[in-house]
Amino acid sequence: MPKEDSSDWLGLSGRVAVVTGGGGGIGRAAAVSFARAGAKVAAIDRDERGLAETQAKLREIGEGHLIASCDTTNAESVASAAEAVARALGPCGILVNTAAVLRPGGLDTLPLAEWNAVLAVNLTGYFICAQAFGRQMREARRGSLVHVASIAASNAQGQSGAYSVSKAGVVMLSQQLAAEWGPHGVRSNVVSPGLVVTPMSQAFYDTPGVTERRTAVVPIRRIGAPQDMADAILFLASDRSSYVNGEEIIVDGGYVRTLMSHVPRPGF
């Protein structure tokens with residue numbers, strides 16, 4: 001039997017991949033990883049400085065990529081970005097939603113404006129982008145949506161305002177998209193990171209002792225990196241996961257499986 005060609009094992013070469021929140025953290029790692037896999041990448045974000053840094057990394061890999069300033073909470077801004085991507089690169093075949101914000105606060109005193117601001121980016125923005133870019137996928141009857149949620153989606157994260165609620169909504173949004181769009185050849189799945197160092201979480205790790213304390217509770221004894229998330233995202237975006245739809249992959253080094261290990265058990 002002839003050997004299988006492994007040069008494009010993921011089958012991403014030539015695919016158009018749009019990454020929201022592409023200006024930093026997990027979004028940038030995903031954008032760069034797609035480019036290395038041969039995809040045509042469009043990184044969109046409202047952080048223009050971060051986008052410039054992503055663009056520099058994409059240029060190191062090659063030409064044929066795009067960055068675009070976009071406010072994912074604004075339907076007109078997203079529609080404009082979708083048109084620009086289609087003109088420059090072709091119809092979107094992969095959408096990765098990573099844009100997110102965190103506004104800390106207890107629910108007893110959280111201002112409504114703070115609640116709405118987090119939901120607008122972390123949940124409504126995902127829906128807006130799914131509509132705009134998913135339309136191109138359904139027309140082609142092929143596509144993959146990958147949404148970045150969090151282990152906070154199923155494990156309440158106190159004093160974090162609407163963050164856990166927004167991420168739980170992302171998981172259900174993905175499941176509904178999977179059910180509705182699966183018949184049109186479009187899959188939708190979720191990657192839920194655990195403890196990972198990103199620009200949004202960096203301040204925690206800058207506090208003395210936090211990295212060591214957090215590392216100690218992760219079974220594989222390290223904090224996650226954006227690349228760990230990007231690797232899972234590429235798998236779900238690729239045809240190697242063609243029968244995976246409506247699922248959530250938790251990428252946390254086993255952290256959420258440690259609950260019972262914190263319970264005192266004399267004699268064991």
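The values are calculated or read from the model by the stated rules, or taken from the named source; none is laboratory data. Just so you know, these numbers come straight off a predicted model, no measurement behind them. Neighbour counts run over all protein chains shown; Cβ positions are idealised from the backbone, glycine included.
Within the stretch 105-134, residues that are within 18 Å of residue 93 (Cα to Cα) reach partners that are at pLDDT 95 or above and of a type in the set (Gly, Ala, Ser) with beta carbons closer than 7 Å, at six or more positions or on different chains, in the pairs 128/75; 132/79; 132/82; 133/82; 134/143. Checking each residue in the stretch 28-53 for being outside any strand (DSSP E or B) and under 18 Å from residue 12 (Cβ atoms) picks out 28, 29, 30, 31, 32, 33, 34, 35, 36, 37, 38, 39.
Closer than 21 Å to residue 22 by Cβ, in a helix (DSSP H, G or I) and of a type in the set (A, V, I, L, M), is that true of residue 249? For residue 249, the condition - closer than 21 Å to residue 22 by Cβ, in a helix (DSSP H, G or I) and of a type in the set (A, V, I, L, M) - is not met.
Being surrounded by 20 or more Cβ atoms within 10 Å (Cβ to Cβ) and under 24 Å from residue 71 (Cα atoms) is a property that holds for residue 193. Filtering 19, 78, 85 for residues that are in a strand (DSSP E or B) and not basic (Lys, Arg) leaves a single hit, 19. If you go through the stretch 62-77 and keep only what is surrounded by 24 or more Cβ atoms within 10 Å (Cβ to Cβ) and of a type in the set (A, V, I, L, M, F, W, C), you end up with just 70. The set of residues in the stretch 104-113 that are surrounded by fewer than 16 Cβ atoms within 10 Å (Cβ to Cβ) and more than 19 Å from residue 74 (Cβ to Cβ) comprises 104, 106, 107, 108, 109, 111, 112. What do you reckon, is residue 170 touching a residue at least 24 places away in the same chain (Cβ under 8 Å) and buried (at least 21 other Cβ atoms within 10 Å of the Cβ)? The answer is yes for residue 170. Kindly establish whether residue 188 is farther than 19 Å from residue 30 by Cβ and not in a loop (DSSP other than H, G, I, E, B). So residue 188 fails the test.
Within the stretch 67-83, residues that are over 24 Å from residue 56 (Cβ atoms) have Cβ atoms under 9 Å from residues that are of a type in the set (Asp, Glu) in these pairs: 78/71, counting only partners at least 6 apart in sequence or on another chain.
Taking residue 144 as the residue in question, decide whether it is touching a residue at least 12 places away in the same chain (Cβ under 8 Å), within 16 Å of the chain's Cα centre (by Cα) and in a helix (DSSP H, G or I). So residue 144 does not fit the description; no.
The single residue among 59, 49 that is out of contact with any helix residue (DSSP H, G or I) (no Cβ under 9 Å at 6 or more places or on another chain), surrounded by fewer than 17 Cβ atoms within 10 Å (Cβ to Cβ) and touching a residue at least 12 places away in the same chain (Cβ under 8 Å) turns out to be 49.
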